1. Picking from Val49, Val58, which residue would you name as being surrounded by 23 or more Cβ atoms within 10 Å (Cβ to Cβ) and not acidic (Asp, Glu)?
2. Would you mind finding the one in Val34, Val27 that is touching a Gly at 6+ places or on another chain (Cβ under 8 Å), at pLDDT 95 or above and closer than 30 Å to Ala226 by Cβ?
3. Among the residues of the stretch 18-46, write down those that are among the hydrophobic types (A, V, I, L, M, F, W, C) and surrounded by fewer than 17 Cβ atoms within 10 Å (Cβ to Cβ).
4. Identify the residue in the stretch 26-56 that is touching a residue at least 60 places away in the same chain (Cβ under 8 Å) and part of a helix (DSSP H, G or I) and, among all such residues, is farthest from Ala81 (Cα to Cα).
5. Might you let me know whether the stretch 62-69 holds any residue that is among the hydrophobic types (A, V, I, L, M, F, W, C), assigned to a strand (DSSP E or B), crowded, with 19+ Cβ neighbours inside 10 Å and in contact with a Pro (Cβ under 7 Å, 6 or more places away or on another chain)?
6. Any chance you could count how many residues in the stretch 111-134 are at pLDDT 90 or above and closer than 24 Å to Phe61 by Cβ?
7. Checking the condition touching a residue at least 24 places away in the same chain (Cβ under 8 Å), in contact with a Leu (Cβ under 9 Å, 6 or more places away or on another chain) and either crowded, with 19+ Cβ neighbours inside 10 Å or among the basic types (Lys, Arg) (or both), which residue from Ala81, Ala92, Ala105, Ala101 passes?
8. Tally the residues that are surrounded by fewer than 17 Cβ atoms within 10 Å (Cβ to Cβ), within 18 Å of the chain's Cα centre (by Cα) and free of Cβ contacts under 8 Å to residues at least 60 places away in the same chain, restricting the search to the stretch 108-130.
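The values are calculated or read from the model by the stated rules, or taken from the named source; none is laboratory data. The structure presented is a predicted model; accordingly, all values stated were derived computationally and were not measured. All Cβ positions, even for glycine, are placed from backbone atoms using ideal geometry, and neighbour counts span all protein chains on display.
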Amino acid sequence: MTAVQAPIAVALDAPDLDTAARWAGQVTPHVSTVKVGLELYLRYGPDVVASVRGASRVQVFLDLKLHDIPATVAGATRAVARLKPTYLTVHAAGGSAMIRAAAEAAPDTRIAAVTVLTSLDDADLARIGLEGPAADAVLRLAALSVEAGARALVCSPHEAAAVRAEVGPDITLITPGVRPSGAATQDQARVATPEQALAAGADLLVIGRPITGAPDPGAAAASIAASLRRI
């Protein structure tokens, strides 16, 4: 990786493999990481990881949000660990034993525990019976996950500072719900700008449609990367 690459994971939520690979090729000169989500992985399987990685050394964030009994999650984690993703997500709500099983199954992968989805607000948490408010739920799940062996956490930029204070400097904080100033929030409820997310303590910013939906994804990634270098 070169120093100019920004701490951004571009969400490659593409309709097909060729598009995902093209987007990856356009953004990898400017960002550190590309993210493969559940839809793309289910459609194309392990081939998608090789396609978006290409000849570069870009980090791959495999965002599968595993959530099942510990034995099943351990087996699934071992199955994808051979693809050598830098990050693999599991749901923190799966509990300590499940998170520990994933961490032990893939010691060379950073297991990233998803705390509370950025599409949920306090009213949503109340309806599904999760004790809130969201900030408190995130902190509880963050502490549980790190104790169980997660080396990364996924939280919204709104909770990043509090989570950093809770878990210390050695845990990678990944923040979805990042939107450049003026961009539409779409289906995200707890959002912030890239500059705000970094200032709050995030290590890796997940940005999708503001980059991939642009006429030139490479130029959009370069512009956001430049704005982050200025701070």
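1. One residue alone meets the criteria, Val58.
2. Val27
3. Leu38, Leu42
4. Gln26
5. So far as the stretch 62-69 goes, yes, one or more of its residues are among the hydrophobic types (A, V, I, L, M, F, W, C), assigned to a strand (DSSP E or B), crowded, with 19+ Cβ neighbours inside 10 Å and in contact with a Pro (Cβ under 7 Å, 6 or more places away or on another chain).
6. 5
7. Ala92 is the lone residue from the list that is touching a residue at least 24 places away in the same chain (Cβ under 8 Å), in contact with a Leu (Cβ under 9 Å, 6 or more places away or on another chain) and either crowded, with 19+ Cβ neighbours inside 10 Å or among the basic types (Lys, Arg) (or both).
8. The number of residues fulfilling the criteria is 1.
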